[in-house]
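Here is the structure we will look at.
The values are calculated or read from the model by the stated rules, or taken from the named source; none is laboratory data. Just so it is clear, the model here is predicted, and its values are computed rather than measured. Counting neighbours? That spans all protein chains shown, and the Cβs are built from the backbone with ideal geometry, glycine included.
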Amino acid sequence: MSFIITGASGYVGQELAAALLTSHPEATVTLTDVVLPIVPPSATQHSSRTKCIAADLTSPAVVDDLFTDSHRFDTVYLLHGIMSSGSEANFELGMRVNLDASRYILDRLRQVMPGVKVVFTSSLAVYGLAPPGFVIDETNFPAIPSSSYGSQKLIVETLLNDYSRRGFLDGRAVRLPTVTVRAGKPTQAASSFASDIIREPFNGRKAVLPVSQDTEMWICSPATVVENLIRAREIPKEKFGDSRAVNLPGLKVSIREMLEALEEIGGPEKRALVEERYDPDIDRIVQTWTPNFDPKRALEMGFVGDVSMRENIRQYVEGL
């Protein structure tokens, strides 16, 4: 069994690689990113089954060299991308990485690995802002993005759906909630603060909150998103029906609730490290994200959800 993960230097890519190496003792995992990925620190005992490659996927020639008919992958995980704020700040770069590179890969795969499973990490940013209190269930609200990032994700979803319909690939697009609490450094994602305001205080550092405490978000823990990425390749394609895209389960929480959980678990000294400093550019993007979703379809398909924000924080603290 053989897997490849693009965008594998990122936090989710590293966690997914470690999980695949641990749960599939005979599998090989190829990690690729624009900078040379490392073997996940928690999986160094599996380094002999891990191959790390630096690759600029915006180059068709590089994509052709990476995917050949001499080595077939069982599942291709597409995790590479320029995040929401980065895509909004640099339209051309977002288009090259989020759209063009993905299209190059899909076209190459249909030529040299027809029928291969492709798991694509999409985003709930494919939706614009729904009316207050409106609960999206995938059938009752159109996917009309309010950001370049969401638009690029939706285009790749559409391609993946059509390639699957035609039998070129076996695609699965999973729309991720905001993943928190992420370890590591802040990212270019507009949602980065949702991890920063928990992670940084627990590491003795100050964090900036750029939006109102009343802001609500649809979130899930890293452990849950990794579990669902693994399940995405295991769920029979028939369960996806006509749409290969699915909204993954999550929790609706307000920033206020997140800060309350931070103080409950870490104490007032940790809470005091969060500074409120409004950023209109971040807020403008975040306010286009609807926090209300009905995960019934995903749960029926076999995906899983979180327990609570407090449990997510406890998971992070236990990993320190």
Expected single match for of a type in the set (Lys, Arg) and not assigned by TED's automatic domain parsing to the domain that holds PHE141 among LYS206, LYS237 is LYS206
Cβ pairs under 6 Å, 6+ apart or interchain, first in region 185-199 and assigned by TED's automatic domain parsing to the domain that holds ARG277, second of a type in the set (Gly, Ala, Ser), ordered by first then second residue, are PRO186/SER192; GLN188/SER85; GLN188/GLY86; ALA189/SER84; ALA190/SER84; ALA190/SER85; ASP196/ALA207; ILE197/ALA207
Those residues of region 151-166 that are in contact with a helix residue (DSSP H, G or I) (Cβ under 6 Å, 6 or more places away or on another chain) and without any contact (Cβ under 8 Å) to a residue 40 or more places away in the chain come to a total of 1
Checked region 110-125 for anything surrounded by fewer than 22 Cβ atoms within 10 Å (Cβ to Cβ) and out of contact with any helix residue (DSSP H, G or I) (no Cβ under 7 Å at 6 or more places or on another chain); matches are GLN111, VAL112, MET113, PRO114, GLY115
Counting only residues that are assigned to a loop (DSSP other than H, G, I, E, B) and crowded, with 21+ Cβ neighbours inside 10 Å, region 126-142 contains a total of 1
Looking across region 233-266 at residues that are part of a helix (DSSP H, G or I) and among the small types (Gly, Ala, Ser), the single one that is farthest from LEU160 (Cα to Cα) is GLY266
Of GLY115, GLY81, the only residue that is small (Gly, Ala, Ser), assigned to a loop (DSSP other than H, G, I, E, B), assigned by TED's automatic domain parsing to the domain that holds ILE235 and in contact with a Leu (Cβ under 9 Å, 6 or more places away or on another chain) is GLY115
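This table checks each residue for (1) closer than 30 Å to VAL119 by Cβ; (2) basic (Lys, Arg).
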site	(1), (2)
PRO236	yes, no
PHE240	yes, no
VAL246	yes, no
SER254	no, no
GLU260	no, no
ARG271	no, yes
ILE282	yes, no
TRP289	yes, no
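Residue-wise test of (1) touching a residue at least 24 places away in the same chain (Cβ under 8 Å); (2) within 26 Å of ILE219 (Cα to Cα); (3) under 17 Å from the mean Cα position of the chain (by Cα).
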{"site": "LEU93", "(1), (2), (3)": "no, no, no"}
{"site": "ASN98", "(1), (2), (3)": "yes, yes, yes"}
{"site": "SER102", "(1), (2), (3)": "yes, yes, yes"}
{"site": "LEU106", "(1), (2), (3)": "yes, no, no"}
{"site": "ALA130", "(1), (2), (3)": "yes, yes, no"}
{"site": "ASN140", "(1), (2), (3)": "no, yes, no"}
{"site": "SER148", "(1), (2), (3)": "yes, yes, yes"}
{"site": "PHE168", "(1), (2), (3)": "yes, no, no"}
Here the residues within region 180-224 that are crowded, with 18+ Cβ neighbours inside 10 Å, out of contact with any Phe, Trp or Tyr (no Cβ under 8 Å at 6 or more places or on another chain) and part of a strand (DSSP E or B) are ILE219, CYS220
_Take the conditions without any contact (Cβ under 8 Å) to a residue 40 or more places away in the chain and either under 19 Å from THR178 (Cα atoms) or touching a strand residue (DSSP E or B) at 6+ places or on another chain (Cβ under 7 Å) (or both) and apply them to GLU227. Does it pass?_
no
Test result for ASP69, part of a helix (DSSP H, G or I), loosely packed, with under 15 Cβ neighbours inside 10 Å and either of a type in the set (D, E, K, R) or touching a residue at least 40 places away in the same chain (Cβ under 8 Å) (or both): no
Counting only residues in region 1-28 that are of a type in the set (Val, Ile, Thr) and without any contact (Cβ under 8 Å) to a residue 60 or more places away in the chain, the one farthest from PRO40 (Cα to Cα) is identified as THR28
